[in-house]
1. Take the residues in the stretch 299-331 that are modelled with pLDDT of 95 or more and more than 16 Å from the ligand (Cβ to nearest atom); name whichever of them is nearest to Ala460 (Cα to Cα).
2. Contact list please: Cβ distance under 7 Å, first residue in the stretch 148-172 and touching a residue at least 12 places away in the same chain (Cβ under 8 Å), second residue open to solvent by 70 Å² or more (accessible area, probe 1.4 Å), pairs at least six apart or on different chains.
3. Which number in (1) buried (at least 22 other Cβ atoms within 10 Å of the Cβ); (2) at positive phi; (3) not polar (S, T, N, Q) marks the one condition that Leu466 misses?
4. Within the stretch 413-455, which residues are within 16 Å of the ligand (Cβ to nearest atom) and in a loop (DSSP other than H, G, I, E, B)?
5. May I ask you to list the residues in the stretch 72-108 that are assigned to a helix (DSSP H, G or I), under 30 Å from Ser437 (Cβ atoms) and in contact (Cβ under 8 Å) with a residue 40 or more places away in the chain?
6. I'm told Gln170 meets every condition in (1) assigned to a loop (DSSP other than H, G, I, E, B); (2) open to solvent by 10 Å² or more (accessible area, probe 1.4 Å); (3) closer than 20 Å to Leu286 by Cβ except one. Can you identify the failing condition by its number?
7. Being at pLDDT 95 or above and either over 18 Å from Glu91 (Cβ atoms) or open to solvent by 20 Å² or more (accessible area, probe 1.4 Å) (or both) is the filter here, so list the residues in the stretch 429-443 that pass it.
8. Tell me yes or no: at least one residue of the stretch 95-107 is of a type in the set (Ser, Thr, Tyr), open to solvent by 20 Å² or more (accessible area, probe 1.4 Å), touching a Phe, Trp or Tyr at 6+ places or on another chain (Cβ under 9 Å) and modelled with pLDDT of 95 or more.
Amino acid sequence: MPSVYDRQVEWPVLAVVTVSLYLFSTVVYRLYFSPLAKFPGPRLAAATLMYEAYYDVVKQGQYTFKIKELHKKYGPIVRISPYELHVDDPEFYDELMSRTSPRDKYKYYVDQFGIPKSSFSTIDHRLHRMRRQPLNPLFSKQSIFRLEPTINGLVEKLCSRFDEFKKSGQPIPLRIAYSCFTTDVVTLYSLNKCWNFLDDPEFSPVWCATIKATADMGNLMKHVPWLFGVIMSLPDAVISIIFPDMMLLINWRRSLTSHIQAIIDGSNEKGEKDGDGLSRTVFHSLLESDIPAEEKTLDRLVQEGQVVVGAGADTTAHALTTTTFHLLDNPDKLAKLRRELEIAMPDRYAPAKLSVVEQLPYLAAVINEGLRLSYGLSTRLARVSPKEELRFKEWTIPIQTPVGMTSVMMHHNETIFPDSYSFIPERWSEQPDGGRSLEKYLVSFAKGTRQCIGMNLARAELFLALATIFRRYDLDLYDTKRARDIDLRHDNFLPQASLESRGVRVVIKG
Ligand code: HEM
């Protein structure tokens, strides 16, 4: 008869054997019996998510570059994880990001931000449609046209900060300055309460750090999404020591919560509205819409606010920074743009008119080229077809399979964009149709039903800010190197330059 001691020994052995059998059978299933087993790709990636985790976490945002290598080896469709495929073929983008067929998002991707109730993170296409519908009118082209004086007011404020730097001769940290501008625009529009970061003499560096930290954490959180809950349950003092970056995010959520609570209570009705004519915010639209009451809770509105403010700030600032850098790095292109602006805007101090600057062919080409080289999000965007198989060349992709595509690969497709790493606005402006057919392959804002809702706002900011700045100032790069400070080196959801980057800085010559 076994003794109590023997039984104590048996349990750990049994546990190890059970876990080993489970792991073994899971790997065998993934490699030989999964509906994705027929797709090409590395065996290790098909066997375990740890393959991706290694490139995401240990190598700090390198999986996108690894996927590019995998396509060279395995062809245009690759199995990049036990559950996910990736396609590198620009002609498939419209089909994957369909406008007409239902497309869900992939839980693994959206879990990285801990905002499951936002429209951005909504997985089901029907629920997404319901959440997005009340927001659409606020981001239409017409609504954004009405916002022109507000954007121009903030462009002026940005220029007055530039004037201060012109006097002092100090270099301007461009990404941070632009980030204050884009955040002031998006908070004024979405919260009816401008955060006035442009007023901060230091350009609110904590805000930039918050956005960067939120994006950087995604690479880890994707793999351990439960960590959010664990961290949130800890006291602030402990979080500040163990995860100081997370504290930035928590503080941001708290400040949004109080802003949105004020909107719910009606206490900010006056807010900025008198000055800027912003009578309705994103949250008024949501609160007044006929979506069910559970969709109007403070918690959900805060998550929606986090996306609108977070998505609207850094992406646009990055596009502005990248475009400014490339113009200053290519004096011939800059001279061409300035000639166009001088004719269209005879008074260099008058506010730019959106209806005028949007029609300038070279500026439009410069902006397209800046958007191309800033990518939008550097990470792959996966879509799931919930009801129908997708067809890609000779492949049939099973229903419910997440399939990703990446703007970085689209925008560096040498057949579509030859010499793709060079800044060449002429690739747009010298097309017979002004580059319109090429825009099919410009996917910084993604496409289809889950496309960026803020695209019209972002484009208006780009046109107004760049036209004004390059009409008014003569800038020079300051201690800025393309390889160190601009080129994409880490895909942390948002594109990041090298770890040694000092940021793009400029001085004002005149
Ligand atoms: C150059 C600037 C911008 C770029 C490149 C950009 C890019 C993107 C991309 C690629 C997506 C799709 C993400 C996905 O599929 O998971 C997206 C979604 C989104 N963006 Fe933007 N964005 C920009 C500016 C803005 C602005 C100014 C706002 C806000 C006012 C904004 C608000 C949003 C929201 C709310 C979503 C989620 C939409 C949904 O899921 O229905 N973005 N953006």
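1. Applying the filter and picking the extreme gives Leu327.
2. Qualifying pairs under 7 Å: Asn152/Pro351; Pro171/Tyr478.
3. That leaves (2) as the condition not met.
4. Listed by number, the residues that qualify are Leu442, Val443, Ser444, Phe445, Ala446, Lys447, Gln451, Cys452, Ile453, Gly454.
5. Residues satisfying the conditions are Pro90, Phe92, Tyr93, Asp94, Glu95, Leu96.
6. Failed condition: (3).
7. First pass over the stretch 429-443, keeping only residues at pLDDT 95 or above: 429-430, 438-443.
Ser429, Glu430, Leu438, Glu439, Lys440, Tyr441, Leu442, listed by residue number.
8. Checked the stretch 95-107: at least one residue is of a type in the set (Ser, Thr, Tyr), open to solvent by 20 Å² or more (accessible area, probe 1.4 Å), touching a Phe, Trp or Tyr at 6+ places or on another chain (Cβ under 9 Å) and modelled with pLDDT of 95 or more.
The values are calculated or read from the model by the stated rules, or taken from the named source; none is laboratory data. All figures in this text were calculated on a predicted structure; none of them were measured in a lab. All Cβ positions, glycine included, derive from the backbone under ideal geometry; neighbour counts span all protein chains shown. Surface areas here come from the heavy atoms of the whole protein model, side chains and all, with no ligands, DNA or RNA. Shrake-Rupley method; radii C 1.70, N 1.55, O 1.52, S 1.80 Å.
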